[in-house]
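Asker: I'd like to ask you about the structure that follows.
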Ligand code: SF4
Ligand code: MG
């Protein structure tokens, strides 16, 4: 497929009094037109910082390091001028967040907010914009859209607010939608409805989606490709099927609540990942997962594991796949 977005060797640091926190440490991936790519990992792994970088939202004390490239339709957005930025953000690329209340204006009627977005980007005149706003609310599954357009965000339930935010993001018909934990604040039933809505919109609009989440369960039915991030790096990547049925990295196993065959009786205990990720003020020389990994070998602490290629774009960075490593039983994957 044709590449819409290419992130190449992205490095992002935050300058703090204690020193430089290396939040994103050389991340590369590509998104094809109309496809959904999921970036999965625990909080603090750099996935939101990656999303913000794509939207041009990294601000002081954050810094995108020289050498990083983010190509949108082949053009490096990090080199864009202000005017080009405005056109890119909102018209080409839109973002949905975990909490709609932070992105919707609490003092403005929901329909008006969407209409304003349409007008700012020159997508509609005044009368037409109000009509289009109602149409967008209908499209994202909000009942009685004419009436709801007249209400304020606080009059909406959490799920309905999330839908309204999605409607705002869709106002300019973006080719790329960045969704950062779009369902995390919602209860399970509503989560499923929002994921269904995103699937439906993707089918209808053909927009590419970068879906950022800590929950692998959320991405199963929607993502074509998955990148698993840990401590500022992508530790495993591949198609959704590969990652769910043939995961290769111990961190992915942990995310999938995977346990070795011999250890079935302990599966409850292993369902949460014990320990904490390394301090990114002074990242470890070796594998960043070594302090939490039950398979850790001496080499892991000393040297960064290289990517091993399993074909079809499936890669994992783990010393277990070195020919010299001891053989480990394929883990038993517990699925929900
Ligand atoms: Fe575990 Fe070593 Fe693989 Fe890191 S490289 S995930 S420590 S086995
Ligand atoms: Mg986050």
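Asker: Please identify, among 276, 213, 291, the residue showing maximal mean-square fluctuation in a Gaussian network model of the chain using a 10 angstrom Cα cutoff.
Answerer: 276
Asker: Any chance you could run the full-extension gain for residue 120 through residue 138? It's 0.36 nm times the residue separation minus the Cα-Cα distance, nm to one decimal.
Answerer: Length difference between fully extended and current span is 4.4 nm.
Asker: If you average 1/r over every pair of different alpha-carbon atoms in region 3-223 and take one over that average, what Kirkwood value in Å do you get?
Answerer: Hydrodynamic radius (Kirkwood, Cα pairs) of region 3-223 is 18.0 Å.
Asker: Between the helical axis of 158-170 and the dominant principal axis of the chain, each derived from Cα atoms, what acute angle in degrees is found, rounded to the nearest 10?
Answerer: Tilt relative to the chain: about 80 degrees.
Asker: What spacing in nm lies between the two simple spin-label points modelled at residue 128 and residue 18, each 7 Å away from Cα in the Cβ direction?
Answerer: For residue 128 paired with residue 18, the spin-label model returns 5.4 nm.
Asker: Still on this structure, I have one more. What FRET efficiency comes out for residue 57 versus residue 322 if R0 is 41 angstrom and r is the Cβ-Cβ distance? Round to the nearest 0.05.
Answerer: 0.60
Asker: In nanometres, what is the gap between the two model label sites at residue 79 and residue 279, each 7 Å from Cα along Cα-to-Cβ?
Answerer: Computed distance between label sites residue 79 and residue 279 equals 3.9 nm.
Asker: By how many degrees, 0 to 90 and rounded to 10, does the Cα axis of helix 188-205 deviate from the longest principal axis of the chain?
Answerer: Compared with the principal axis, the helix lies near 70 degrees.
Asker: So if I take the centroid of the Cα atoms in region 105-154 and the same for region 223-257, what is the distance between those two points in Å?
Answerer: The distance from the Cα centre of region 105-154 to that of region 223-257 comes to 38 Å.
Asker: Cα centroids of region 169-209 and region 32-79: how far apart, whole angstrom?
Answerer: Taking the Cα centre of region 32-79 as reference, the centre of region 169-209 is 19 Å away.
Asker: From the Cα gyration tensor of region 1-90, with a ≥ b ≥ c the square roots of its eigenvalues, which class applies: rounded if a/c is under 1.5, or else prolate if a/b is larger than b/c, or else oblate?
Answerer: Since a/c reaches 1.5 but b/c is at least a/b, the shape of region 1-90 is classed as oblate.
Asker: Follow-up question, since we're still on this one. Computed FRET efficiency, Cβ-Cβ of residue 241 and residue 301, R0 35 Å: what is it to the nearest 0.05?
Answerer: 0.60
Asker: A further question on this structure: Restricting to Cα pairs below 8 Å that are 6+ residues apart, what does the relative contact order work out to for the chain? Please round to a whole percent.
Answerer: Normalised by residue count, the contact order of the chain is 19 percent.
Asker: Using Cα springs under 10 Å in a Gaussian network model of the chain, which residue among 279, 180, 99 shows the largest mean-square fluctuation?
Answerer: 279
Asker: Rounded if a/c is under 1.5, else prolate if a/b beats b/c, else oblate: with a ≥ b ≥ c from the C-alpha gyration tensor eigenvalues square-rooted, which is region 180-229?
Answerer: Because a/c hits 1.5 or more and a/b fails to exceed b/c, region 180-229 counts as oblate.
Asker: OK, next. Nearest 10 degrees, 0 to 90: what angle lies between the long axis of helix 126-139 and the longest principal axis of the chain (Cα atoms)?
Answerer: Result, in degrees: 40.
Asker: Select from 44, 232, 74 the residue whose mean-square fluctuation is largest in a Gaussian network model of the chain (Cα-Cα springs shorter than 10 Å).
Answerer: Among 44, 232, 74, the largest mean-square fluctuation in the Gaussian network model of the chain belongs to 74.
Values in this text are rule-based calculations from the coordinates and carry no lab data. Being a predicted model, the structure only gives us computed values, none of them experimental. Cβ coordinates were reconstructed from backbone atoms using ideal geometry, including for glycine residues, and neighbour counts include every protein chain displayed.
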